[in-house]
Amino acid sequence: MYNTNNSKPIIDWYNSNKRDLPWRNTKDPYKIWLSEIMLQQTQVKTVIPYYNRWIAQYPTLISVANSNIDQLLKSWEGLGYYKRCRNFHKACKIIYKSYNGIIPKDYHSLMKLPGLGDYSSSAIMSIAFNERYPAVDGNLNRVISRVLGIKNLTNHNKKRVKKFAGDIVQCTRPGDVNQALMDIGSLLCTPTKAECTKCPNQKICKASKSNNPLSYPNKIKKKPKPTVFMMAFCLMYNGKFAIQKRNKKNFLGYLWEFPSFESKSLDRLNENIIYSYFGRGVKLQKKIGTVKHTYSHFKTVVDLYLCSANHKKININKIKWIENKEFSKYAFSKLNHKLLSLIKSKDV
């Protein structure tokens with residue numbers, strides 16, 4: 001077993017160097033849970049203003065459970081990975097209904113909730129409830145791999161990392177140990193730098209002793225992202241714009257968007273394509289421009305076209321006609337905000 005006294009220098013470092021973050025000024029499990037969900041695949045500096053606004057709007061779990069998903073997505077707008085918001089809403093409703101609005105102080109119960117896996121459940125258990133659960137994410141995998149001198153994160157070595165993390169939280173402040181390791185991974189022991197002389201793990205860190213800590217662990221080569229070509233439409237009728245709501249089961253579900261569809265390439269659009277998609281009540285006017293956007297797993301290149309309709313009944317589902325001033329009422333993805341900016345820049 002690893003020496004659990006290794007937690008003391010980490011706690012001492014944390015006492016002097018911890019980041020001042022709004023969710024660290026509370027033991028409310030709802031607020032800690034929210035922060036962990038928002039921080040998934042998102043930088044701290046991006047999350048802070050969203051977290052503060054959310055707490056001002058929805059100060060309790062019950063306030064989330066009683067809100068509709070459109071309101072919540074509008075508050076989440078721009079933070080990305082919208083499935084997190086949808087799952088958070090579902091989970092809050094489950095807790096409100098099945099646990100009388102009280103977040104269960106039980107790892108296995110948390111794991112059953114939508115959007116909560118081992119890392120998030122462990123983080124909540126350790127930070128909110130002071131239970132000895134290791135919260136191992138990408139940062140901790142890297143930090144502990146360097147401590148243990150692990151080059152390749154095989155399944156066996158991941159178990160070694162989890163074992164070390166589990167041993168090191170067997171102390172009186174497990175939540176602070178997890179948060180300290182998160183801070184070390186964000187501030188000192190990053191993918192591109194290793195400030196070993198400032199790190200409380202230096203004495204036990206094999207990577208530091210190797211004089212080449214950045215070589216631990218081996219970096220996994222990322223596959224190139226495929227490109228998806230799309231056509232989007234600024235469809236207008238009597239000065240109003242057509243928007244539609246994405247299916248709840250689809251990527252970016254429940255968000256609003258300009259009507260669009262995937263195409264094999266950015267071929268020139270013709271009226272036959274327009275008719276097959278909208279029906280014969282729509283006329284192609286001109287191409288407005290092209291927008292590019294990158295998601296986590298793919299890139300998009302979107303050609304945007306101006307079209308006019310001669311009636312409101314168009315052959316697409318869940319369409320809504322809105323005025324220019326109404327766009328701020330609806331939650332759109334970043335891609336669609338780029339399309340809207342392009343429309344405004346062309347004075348459409």
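The values are calculated or read from the model by the stated rules, or taken from the named source; none is laboratory data. This structure is a prediction, so every number in the text was calculated from the model and none was measured. Neighbour counts are summed over all protein chains in view; Cβ atoms, including those assigned to glycine, are modelled from backbone coordinates with ideal geometry. Protein only, heavy atoms only, side chains kept; ligands, DNA and RNA dropped before computing areas. Shrake-Rupley method; radii C 1.70, N 1.55, O 1.52, S 1.80 Å.
Rundown of residues vs (1) assigned to a helix (DSSP H, G or I); (2) of a type in the set (Val, Ile, Thr); (3) open to solvent by 40 Å² or more (accessible area, probe 1.4 Å); (4) out of contact with any helix residue (DSSP H, G or I) (no Cβ under 7 Å at 6 or more places or on another chain), yes/no style:
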{"position": "Gly101", "(1), (2), (3), (4)": "no, no, no, no"}
{"position": "Lys105", "(1), (2), (3), (4)": "no, no, yes, yes"}
{"position": "Leu110", "(1), (2), (3), (4)": "yes, no, no, no"}
{"position": "Arg132", "(1), (2), (3), (4)": "no, no, yes, no"}
{"position": "Ala135", "(1), (2), (3), (4)": "no, no, no, no"}
{"position": "Arg142", "(1), (2), (3), (4)": "yes, no, no, no"}
{"position": "Arg146", "(1), (2), (3), (4)": "yes, no, no, no"}
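Please report, ordered by residue number, the helices (runs of 4 or more DSSP H) entirely within the range 13-70 with at least 3 residues that are touching a Gly at 6+ places or on another chain (Cβ under 9 Å) and farther than 15 Å from Asp176 by Cα.
On the way: elements: 29-38, 44-57, 61-65.
Once the helices (runs of 4 or more DSSP H) in the range 13-70 are filtered for at least 3 residues that are touching a Gly at 6+ places or on another chain (Cβ under 9 Å) and farther than 15 Å from Asp176 by Cα, what remains is 61-65.
Among residues of the range 224-241 being of a type in the set (A, V, I, L, M) and farther than 18 Å from Lys334 by Cα, the one that is surrounded by the fewest Cβ atoms within 10 Å (Cβ to Cβ) is Met236.
For the range 290-314, residues that are surrounded by fewer than 14 Cβ atoms within 10 Å (Cβ to Cβ), in contact with a strand residue (DSSP E or B) (Cβ under 9 Å, 6 or more places away or on another chain) and within 22 Å of Lys248 (Cα to Cα) total 2. Residues that are open to solvent by 10 Å² or more (accessible area, probe 1.4 Å), under 17 Å from Gly166 (Cβ atoms) and within 16 Å of the chain's Cα centre (by Cα) within the range 113-128 comprise Gly117, Tyr119, listed in sequence order. The residue pairs whose first member lies in the range 158-174 and is among the acidic types (Asp, Glu), whose second member is assigned to a helix (DSSP H, G or I) and open to solvent by 10 Å² or more (accessible area, probe 1.4 Å), and whose beta carbons are closer than 7 Å, counting only pairs six or more residues apart or on different chains, are Asp167/Thr4. Of everything in the range 276-299 that is touching a Leu at 6+ places or on another chain (Cβ under 8 Å) and touching a residue at least 40 places away in the same chain (Cβ under 8 Å), the residue that is nearest to Tyr237 (Cα to Cα) is Val282.
Within the range 159-204, being open to solvent by less than 10 Å² (accessible area, probe 1.4 Å), in a helix (DSSP H, G or I) and closer than 27 Å to Lys45 by Cα holds for Ala165, Pro174, Gly175, Val177, Asn178, Ala180, Leu181, Asp183, Ile184, Gly185. Looking only at residues of the range 37-92 that are of a type in the set (A, V, I, L, M, F, W, C) and over 21 Å from Leu113 (Cβ atoms), we find that the one that is surrounded by the fewest Cβ atoms within 10 Å (Cβ to Cβ) is Ala56. Taken as a whole, the range 242-259 holds at least one residue that is buried (at least 20 other Cβ atoms within 10 Å of the Cβ), farther than 26 Å from Arg84 by Cα, among the small types (Gly, Ala, Ser) and out of contact with any helix residue (DSSP H, G or I) (no Cβ under 8 Å at 6 or more places or on another chain).
Listed by first and then second residue, the pairs linking a residue in the range 114-130 that is at pLDDT 95 or above to a residue that is of a type in the set (Ser, Thr, Tyr), with Cβ atoms under 6 Å apart and 6 or more places separating them unless they lie on different chains, are Ser121/Tyr107; Ser122/Tyr133; Met125/Tyr107; Met125/Tyr133; Ser126/Tyr133. Under 27 Å from Phe164 (Cα atoms), β-branched (Val, Ile, Thr), in contact with a Phe, Trp or Tyr (Cβ under 8 Å, 6 or more places away or on another chain) and without any contact (Cβ under 8 Å) to a residue 60 or more places away in the chain, is that true of Thr42? Considered against the rule, which asks whether it is under 27 Å from Phe164 (Cα atoms), β-branched (Val, Ile, Thr), in contact with a Phe, Trp or Tyr (Cβ under 8 Å, 6 or more places away or on another chain) and without any contact (Cβ under 8 Å) to a residue 60 or more places away in the chain, Thr42 comes out as yes. Close contacts from the range 13-24, counting a first residue that is under 19 Å from Cys196 (Cα atoms) and hydrophobic (A, V, I, L, M, F, W, C) and a second that is open to solvent by less than 50 Å² (accessible area, probe 1.4 Å) and assigned to a helix (DSSP H, G or I), with Cβ to Cβ under 7 Å and a gap of 6+ residues or different chains, come to Trp13/Ala180. Within the range 317-325, one or more residues are open to solvent by less than 90 Å² (accessible area, probe 1.4 Å) and in a loop (DSSP other than H, G, I, E, B).
Within the range 210-246, the set of residues being charged (D, E, K, R) and touching a residue at least 60 places away in the same chain (Cβ under 8 Å) comprises Lys225, Lys240, Lys245. Out of contact with any strand residue (DSSP E or B) (no Cβ under 6 Å at 6 or more places or on another chain), more than 19 Å from Lys8 (Cα to Cα) and without any contact (Cβ under 8 Å) to a residue 12 or more places away in the chain: is that true of Ile95 in this structure? Spelling it out, it is not the case that Ile95 is out of contact with any strand residue (DSSP E or B) (no Cβ under 6 Å at 6 or more places or on another chain), more than 19 Å from Lys8 (Cα to Cα) and without any contact (Cβ under 8 Å) to a residue 12 or more places away in the chain.
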